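Where a number appears in this text, it was derived from the coordinates with a stated rule and is not lab data. Only a predicted model underlies this, so the values are computations on that prediction, with no experimental measurement involved. Because the Cβ atoms are built from the backbone with ideal geometry, glycine has one as well, and the counts that use them run over all protein chains shown.
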Amino acid sequence: MSATAAVIGCGDVSAVHFEAVAKLDGAELVAVCDSDPQRLAAAVAVHGVPGFADHLSLLEAVRPDVVHICTPHDQHASVAADCLERGVHVIVEKPLAHTLAEGRRLVEAASAGSTKIAVCFQNRYNATSQAMHGLLQSGELGAVVGASATVMWQRSAQYYLDRPWRGTWAGGGGGLMMNQAIHTVDLLQWLVGDVVAVTGNASTRFLGGTIEVEDTAEFVAEHANGARSAFYATLANAFNAPVTLEVVTEKAVLSLRGDLTVAHGDGRVDVVPERRSDSGGRSYWGVSHELLINDFYARLDEPEPFWISPAEADKSLRIIKDVYRQSYPEAADLVS
Ligand SMILES: NC(=O)c1ccc[n+]([C@@H]2O[C@H](COP(=O)([O-])OP(=O)(O)OC[C@H]3O[C@@H](n4cnc5c(N)ncnc54)[C@H](O)[C@@H]3O)[C@@H](O)[C@H]2O)c1
């Protein structure tokens, strides 16, 4: 494999993408892009490649094989569609888009051609997620009866003051659910099955003076296979606790909290340890960005679409937007 790469959006999460590209045999960083002149200058200085203030100039001048899109949520779908249109493969950070309409647009753009696109739900590559999915798909634990999940994290007002887009409907398309809890929403629907109905509520419980989006949310989801799941997430916790995700089947209880514990009905208990890493100093982002990125590059020549496609990523976006629709009925245009 040999591929040239560019990173668009050189903020916080870009460090993980730069690191993965640098470690990947055959991948070569050839350009960076950021609309903020200071961020751009810093990235050019660190990485020693040409820098561009907008993605169209980068695509025109360099035309890399792969772009990594690490921009705010409202700059995902439009930038990704421009890349796909020019035959440039895309790894775009989650969420798929900030609105349902933009998400739909990217789903359509992705299915229109053979250019590859991945959405960065890297937690699907966690050892525990893979083990859970394998066990549930194998059928050996019987049918799924139900599930629950919690995301009990901590974010300060400063986190939003540092990056104002994160606290707005226009820039983020939502708050805690779109930015943090979406990984767990994605895992829940991937592991338990497609969601057919959601009842939920999102609210701003403690950061109301700083952000216009939600910092706390809960929902109950009905899955196509008849299972029901309960979900709770907040940024009001005192620290970033490990995400919990528990799936109950006819023959076992699978409990994720860091590591995965599988308690079988016959008394056996299996433990699947999670990989540990503090990649980029942000261990709570998960350890698997690099695995997803490596897998994407390894599959560039395969004819099939990448498995975490826009259509897959649209599922968590729809669940979250359904909760918003119910929570803010007077602002349907703003939150859709
Ligand atoms: N997968 C994960 O675990 C994970 C973790 C953190 C962040 N993220 C995602 O990564 C994305 C970026 O988050 P962040 O925290 O790094 O944000 P950030 O604000 O730190 O960085 C975004 C950068 O994009 C630049 N930018 C904005 N619009 C642009 C445009 N049109 N073209 C080029 N550059 C542009 C900004 O100037 C900024 O430097 C978000 O989608 C976020 O949800 C994912």
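Couplings for region 230-239, taken from phi via the Karplus curve 6.51 cos²θ - 1.76 cosθ + 1.60 with θ = phi - 60°, read 10, 9, 9, 9, 8, 9, 8, 5, 6, 7 Hz in order; Gly and Pro are left as x.
Annotation note: trypsin sites (Lys or Arg not before Pro) in region 236-271 located in DSSP loop regions with a Cβ neighbour count of at most 11 within 10 Å are ARG268.
The charge dipole of the chain, taken about its Cα centre with unit charges on the Cβ of Lys, Arg, Asp and Glu (plus for the first two, minus for the last two), comes to roughly 440 debye.
DSSP assigns beta bridges within the chain; of those with both partners inside it, close to 60 percent run antiparallel.
Listing ARG166, ARG155, ARG275 from fewest to most neighbouring C-beta atoms within 10 Å gives ARG275, ARG166, ARG155. A convex hull fitted around the alpha carbon atoms of region 3-122 yields 93 Å³ per residue. When LEU58, LEU96 are sorted by how many other C-beta atoms sit within 10 angstrom of their C-beta, beginning with the fewest, the order is LEU58, LEU96.
Toward the positive end of the charge dipole of the chain, with +1 on the Cβ of Lys and Arg and -1 on the Cβ of Asp and Glu, the farthest Cα among SER327, ALA110, VAL196 is that of SER327. Candidate cross-link partners of LYS94 among the lysines, defined by an alpha-carbon separation under 23 Å and a same-chain spacing of 8 or more, comprise LYS23, LYS116, LYS315, LYS321.
All other residues whose Cβ lies under 10 angstrom from that of ARG205 are scored, Lys and Arg at +1 and Asp and Glu at -1, for a net of -2. The three principal axes of the C-alpha atoms in the chain carry coordinate ranges of 61, 46, 38 Å, sorted with the longest axis first. Taking θ as phi - 60° and the Karplus parameters 6.51, -1.76 and 1.60, the scalar couplings of region 243-252 work out to 4, 10, 8, 10, 10, 9, 10, 4, 10, 6 Hz in sequence order, x denoting glycine and proline.
A simple rule links phi to the HN-Hα coupling: the Karplus curve 6.51 cos²θ - 1.76 cosθ + 1.60 with θ = phi - 60°, which for region 58-73 gives 4, 4, 5, 7, 10, 6, x, 6, 10, 10, 9, 9, 10, 8, x, 4 Hz, with x for Gly and Pro.
Rg over Rh for region 70-181 works out to 1.05, using Cα positions for both radii and the Kirkwood form for Rh.
In summary, the aspartates and glutamates within cross-link reach of LYS251, defined as a Cα separation below 16 angstrom excluding same-chain residues under 8 places away, comprise GLU140, ASP266, ASP270.
Charge dipole (Cα centre; +1 on Lys/Arg Cβ, -1 on Asp/Glu Cβ; no other charges) of region 74-150 amounts to roughly 100 debye. Remark: region 3-122 carries a charge dipole of roughly 200 debye about the Cα centre, counting +1 on each Lys and Arg Cβ and -1 on each Asp and Glu Cβ.
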